[in-house]
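Working notes, beginning with the structure itself.
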Amino acid sequence: QLRRFGGQTVPGVVFGDGERVLGSREIVRALEHRAPDPPLLPADARERRGVEEAERWGDEVLQPLVRRVTWAALVRASGSMMGYAANADLPVPDPLVRFSAPLVARASARFNGASDPAVRADLINLDFHLDRADRWIAKGAVGASETPNAADLQIGSGIRLLLTIEDLAPRFEGRPCAREALRRFPDHPGHVPAGTLPRAWLDAR
């Protein structure tokens, strides 16, 4: 990633004309320029500010939390990693992926700051963040139309990934953000079975 894009974050895209763009928000802006219809950002200035604020929160607050919690779960259930790689064009054979999964999970957890104290704090505060996601929906910045906007993609993808961790299912019951994530991303590869994360972490509020 560093060699191809000059940075270590994901995602990165190489367009057909050779332009390389790194980072989800930057990719959305590039797509708006290349294919403006349907728009990912509202034309109305006030609505656009709301969507961009929600998108920024999804990128800077929600997505790091999602990465920490997911990698913490995969460290404890590294066998689940193959499910998330379904249909991925990995440059190594599946047996090697399975063999290296525990090492990759531990390295990725360290890279993303998924220490036990950090993830425990994330789970203690998870309801607060889900409330915030629900408020973005109530304000119309997320889920306001049939076609997704930038905030739908940023927040919905993070929530949808958390929904693949079965231990977290009770935290999402009846939540608008869960319904919206499932609407935008009905099919998502991978799942982590219940009983993976420590019960004390899940029960703490």
Pair list, Cβ under 8 Å, 6 or more apart: region 74-95 residue among the aliphatic types (A, V, I, L, M), other residue surrounded by 13 or more Cβ atoms within 10 Å (Cβ to Cβ) and at pLDDT below 80: Met81/Val97; Met82/Val97; Ala85/Val97; Leu90/Val97
Matching residues, region 135-157, being closer than 15 Å to Arg25 by Cβ and open to solvent by 50 Å² or more (accessible area, probe 1.4 Å): Leu153
Total residues in region 31-83, condition open to solvent by less than 50 Å² (accessible area, probe 1.4 Å), acidic (Asp, Glu) and out of contact with any helix residue (DSSP H, G or I) (no Cβ under 9 Å at 6 or more places or on another chain): 0
Filter result for the condition that a residue is among the basic types (Lys, Arg), part of a helix (DSSP H, G or I) and touching a residue at least 24 places away in the same chain (Cβ under 8 Å), over Arg98, Arg135, Arg106, Arg110: Arg106
Cross-chain or 6+ apart pairs with Cβ under 7 Å, region 9-26 first and open to solvent by less than 40 Å² (accessible area, probe 1.4 Å), then of a type in the set (D, E, K, R) and part of a strand (DSSP E or B): Gly12/Arg20
Those residues of region 119-132 which are surrounded by fewer than 17 Cβ atoms within 10 Å (Cβ to Cβ) and in a helix (DSSP H, G or I), in sequence order: Ala121, Ile124, Asp127, Phe128, Asp131, Arg132
Count of region 146-199 residues which are outside any loop (DSSP other than H, G, I, E, B), small (Gly, Ala, Ser), within 17 Å of Ala73 (Cα to Cα) and touching a residue at least 40 places away in the same chain (Cβ under 8 Å): 1
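The values are calculated or read from the model by the stated rules, or taken from the named source; none is laboratory data. Keep in mind the model is a prediction, meaning the values are calculated, not measured. We place every Cβ from the backbone using ideal geometry, glycine too, and count neighbours over all the protein chains shown. Areas reflect the complete protein model, heavy atoms only, side chains present, ligands, DNA and RNA absent. Shrake-Rupley method; radii C 1.70, N 1.55, O 1.52, S 1.80 Å.
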